[in-house]
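Trainee: Would you mind keeping the following structure in view while I ask a few things?
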Amino acid sequence: MANPPLVSIIIPHLNEPDLPACLHSLARQAGRGITFEIIVVDNGSRDLPRAAVSAVPQARLVVQPIPGPGPARNLGVAEAAGEILAFIDADCVAAPNWLAAIVAWFQHHPETDIVGGDIRIRPTDPDQLTAIEAYENIFSYRAREYVERHGFAATGNMAVRAKIFPKVGLFGGIGTMEDTEWGQRATAMGHGIAFVGDARVYTPSCKCFSELARRWDRHVAHEFKAASGTQGRIKWLARSAMIAASPALEVVRIWRSDRAGSLRERVLALRCVTQVRLYRAGRMLRLIWNDNAASMVNMWNR
């Protein structure tokens, strides 16, 4: 087996208080025979995270003034020296074997060019999940489904062979769902993708419904761009009705989920998914009457 390749870990950053925890979890990946660098790309923070970055020997800081996680990641790629590019979000904490699992997969599976890892939430109290945590635990980070059914990996936990990046091209700007678009572009070109459950990261859940709603605002606004013309608007109206009715269909998914530990968590998840779907449907209808999708799209933690 050849020596492990150099890995460049790329982290887009914007006003993220959890960056030190993320960097600490990455520093703990050292000592496993894997060499890596960490590139933190600040994207317009009020204060640059110099202290957090300087505390980790493998890390360095660069600045991308163009807003959006896609442009931030693109600059990180341009600065990277590794044979593997590993992407993680600034609020995520990597499991101790995260990097080792990624490298091992690439070494043993030459047909794979893109790896999507598992994403789980970090609850405030693991023994007493809130309704939002119970919902997000089941619905928000379906990383295996993204890879195996939709042909992309969430960039909060994704790795690619550096040699394919120039072939696939850059991540899109703030006006696109950059991870979905990039991943589906790559798989359409024939690049192999795999889900690696052992490469796990943990991300905090939303603390309140307004945070969750803001996340869905951006998703809904991106999707609305395809609803042009009379036929597109009719389909959009029909889809909004289906989403409003969909919580009834989620009872089976919630009941069978291995991410819900108790009846209480399942009930809370059902309550929250109902609230989310009704909010999404209402937001979709409001866009029909008052198209402010552009202003909803042009934000990233702003």
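Trainee: So which of Val56, Val77, Val41 is assigned to a strand (DSSP E or B) and among the aliphatic types (A, V, I, L, M)?
Mentor: Val41
Trainee: Can you tell me which of (1) buried (at least 17 other Cβ atoms within 10 Å of the Cβ); (2) more than 18 Å from Ala281 (Cα to Cα); (3) touching a residue at least 60 places away in the same chain (Cβ under 8 Å) is the one Thr180 doesn't meet?
Mentor: (3)
Trainee: Continuing with this model, one more query. Within the stretch 80-113, track down each residue that is assigned to a helix (DSSP H, G or I) and not aliphatic (A, V, I, L, M).
Mentor: Trp98, Trp105, Phe106, Gln107, His108
Trainee: Just a yes or no: is a residue in the stretch 107-114 outside the structural domain of Leu270 (by TED's automatic domain parsing), closer than 26 Å to Gly261 by Cα, surrounded by fewer than 21 Cβ atoms within 10 Å (Cβ to Cβ) and in contact (Cβ under 8 Å) with a residue 60 or more places away in the chain?
Mentor: Scanning the stretch 107-114 turns up no residue that is outside the structural domain of Leu270 (by TED's automatic domain parsing), closer than 26 Å to Gly261 by Cα, surrounded by fewer than 21 Cβ atoms within 10 Å (Cβ to Cβ) and in contact (Cβ under 8 Å) with a residue 60 or more places away in the chain.
Trainee: Right, another one. Can you pull out the residues in the stretch 254-290 that are loosely packed, with under 14 Cβ neighbours inside 10 Å and within 23 Å of the chain's Cα centre (by Cα)?
Mentor: Asp258
Trainee: If I ask for residues that are part of a helix (DSSP H, G or I) and farther than 23 Å from Val273 by Cα, which ones from the stretch 202-240 would you list?
Mentor: Gly229, Thr230, Gln231, Gly232, Arg233, Ile234
Trainee: Now, a different point. Let me spell it out: the conditions are (1) in a loop (DSSP other than H, G, I, E, B); (2) touching a Phe, Trp or Tyr at 6+ places or on another chain (Cβ under 9 Å), and Leu48 meets all of them except one. Which number is the exception?
Mentor: Only one criterion is unmet by Leu48, namely (2).
Trainee: While we're here: How about the stretch 1-49: which of its residues are charged (D, E, K, R) and touching a residue at least 24 places away in the same chain (Cβ under 8 Å)?
Mentor: Glu16, Asp18, Arg28, Arg32, Glu37, Asp42, Arg46
Trainee: Something else now. From (1) buried (at least 17 other Cβ atoms within 10 Å of the Cβ); (2) out of contact with any Cys (no Cβ under 9 Å at 6 or more places or on another chain); (3) under 29 Å from Gln107 (Cα atoms), pick out the condition that doesn't hold for Gln64.
Mentor: (3)
Trainee: What's the total number of residues in the stretch 114-136 that are part of a loop (DSSP other than H, G, I, E, B) and out of contact with any strand residue (DSSP E or B) (no Cβ under 9 Å at 6 or more places or on another chain)?
Mentor: Here the count works out to 5.
Trainee: Can you confirm whether the stretch 117-134 contains a residue that is within 17 Å of the chain's Cα centre (by Cα), of a type in the set (Val, Ile, Thr) and within 25 Å of Arg28 (Cβ to Cβ)?
Mentor: yes
Trainee: Given the options Phe139, Phe171, Phe152, name the one that is without any contact (Cβ under 8 Å) to a residue 60 or more places away in the chain, of a type in the set (Phe, Trp, Tyr) and either surrounded by fewer than 19 Cβ atoms within 10 Å (Cβ to Cβ) or over 27 Å from Asn3 (Cβ atoms) (or both).
Mentor: Phe152
The values are calculated or read from the model by the stated rules, or taken from the named source; none is laboratory data. Being a predicted model, the structure only gives us computed values, none of them experimental. Because the Cβ atoms are built from the backbone with ideal geometry, glycine has one as well, and the counts that use them run over all protein chains shown.
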